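Okay, structure first, notes after.
The values are calculated or read from the model by the stated rules, or taken from the named source; none is laboratory data. In this text the structure is predicted, and so the values were computed from the model without any measurement. Here the Cβ is made from the backbone with ideal geometry for all residues, glycine too, and neighbour counts use every protein chain on show. With ligands, DNA and RNA removed, areas are computed over all heavy atoms of the protein, side chains included. Shrake-Rupley method; radii C 1.70, N 1.55, O 1.52, S 1.80 Å.
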Amino acid sequence: QQQVKQSPQSLIVQKGGIPIINCAYENTAFDYFPWYQQFPGKGPALLIAIRPDVSEKKEGRFTISFNKSAKQFSLHIMDSQPGDSATYFCAASIENSGAGSYQLTFGKGTKLSVIP
Amino acid sequence: DTAVSQTPKYLVTQMGNDKSIKCEQNLGHDTMYWYKQDSKKFLKIMFSYNNKELIINETVPNRFSPKSPDKAHLNLHINSLELGDSAVYFCASSRPSGNTIYFGEGSWLTVV
């Protein structure tokens with residue numbers, strides 16, 4: 001059972017375009033929603049994250065929009081650049097009570113290609 | 001000065017062999033993880049340790065055995081390797097109260 005559904009699987013945009021990646025979750029206990037960026041041959045790295053008490057968060061060219069009632073969140077990349085070409089993963093987490101360990105449930109990833 | 005380092009980066013081995021992947025973090029974190037990324041890029045947690053204690057043990061064959069000699073190290077030992085074990089294995093770490101998980105660069109395991 002996949003708890004975080006991500007779409008699209010792949011995305012091609014031209015430089016300057018605004019790619020949008022969407023995610024939906026099922027578990028209302030999730031309390032933290034990060035996006036990770038992964039370049040080929042590298043491990044995922046935290047890009048931006050949001051908590052459910054906020055509807056939008058911006059960091060540079062990256063924006064997360066969050067809709068708690070719909071249990072959906074999305075990543076927008078403004079003025080996309082070829083260097084943004086990577087695989088993007090949405091995720092959701094819930095802290096294991098008393099253990100201090102965060103279990104991230106990842107979406108299946110979106111491979112973004114930004115064409116010059 | 002890599003934060004989460006894992007070795008080897010590439011490993012090609014025959015079915016039935018036993019192999020280990022080592023992981024070390026110099027971030028001072030108490031929590032460490034092993035994730036598996038399959039050929040379709042899907043990331044799935046395998047294990048989580050907090051201060052050397054096993055916290056999360058997802059449905060993973062018991063051929064996989066993590067070992068944490070101290071809180072800065074979490075090694076993964078795999079017995080009787082199978083073709084389906086071919087994947088990229090990522091070690092990661094975080095603070096117990098922190099939301100950010102820091103990943104290593106991955107170990108590419110190919111079983112032939």
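For this structure, a couple of remarks:
- Averaging Cα coordinates gives a centre for the stretch B:1-64 and one for the stretch A:1-46; these two points are 22 Å apart.
- Burial of 20 Å² or greater, the stretch A:33-48 residues [accessible area, probe 1.4 Å, versus chain by itself]: A:Tyr36, A:Gln38, A:Gly41, A:Lys42, A:Gly43, A:Pro44, A:Leu46
- Interface burial in the stretch B:49-83 reaches 40 Å² or more for B:Ile55, B:Ile56, comparing the full protein assembly with the chain by itself; accessible area from heavy atoms with a 1.4 Å probe.
- Total lysine pairs under 15 Å (Cα atoms) in the stretch B:5-104, excluding pairs fewer than 8 apart on one chain: 11
- Within straight-line reach of A:Lys68, meaning a Cα separation under 23 Å, sit the following lysines at least 8 residues removed in sequence or on another chain: A:Lys5, A:Lys57, A:Lys58, A:Lys108.
- Accessible area per residue in Å² at 1.4 Å probe, computed on the stretch B:4-103: 49
- FRET efficiency for B:Asn51 and A:Asn27, using Cβ-Cβ distance with R0 set to 25 Å, rounded to 0.05: 0.40
- Of all accessible heavy-atom area on chain A, the percent that carbon and sulfur account for (1.4 Å): 49
- Share of carbon and sulfur in the accessible heavy-atom surface of chain B [1.4 Å probe, %]: 48
- Amide H contacts under 5 Å for A:Phe30: none, restricted to partners 5 or more places along the chain or on a different chain, H placed in the peptide plane at 1.01 Å from N.
- Interface of B with A. Using a 1.4 Å probe and counting protein heavy atoms only, the two chains hide about 1900 Å² of accessible surface, both sides summed.
- Loop-located trypsin sites (Lys or Arg not before Pro) in the stretch B:1-91 (DSSP state not H, G, I, E or B) with no more than 15 neighbouring Cβ atoms inside 10 Å: B:Lys9, B:Lys40, B:Lys52, B:Arg63.
- Length-normalised contact order for chain B - Cα pairs under 8 Å, 6+ apart - percent: 37
- The orientation-averaged projected area of the convex hull spanned by the Cα atoms of the stretch B:4-103 comes to 6.0 nm².
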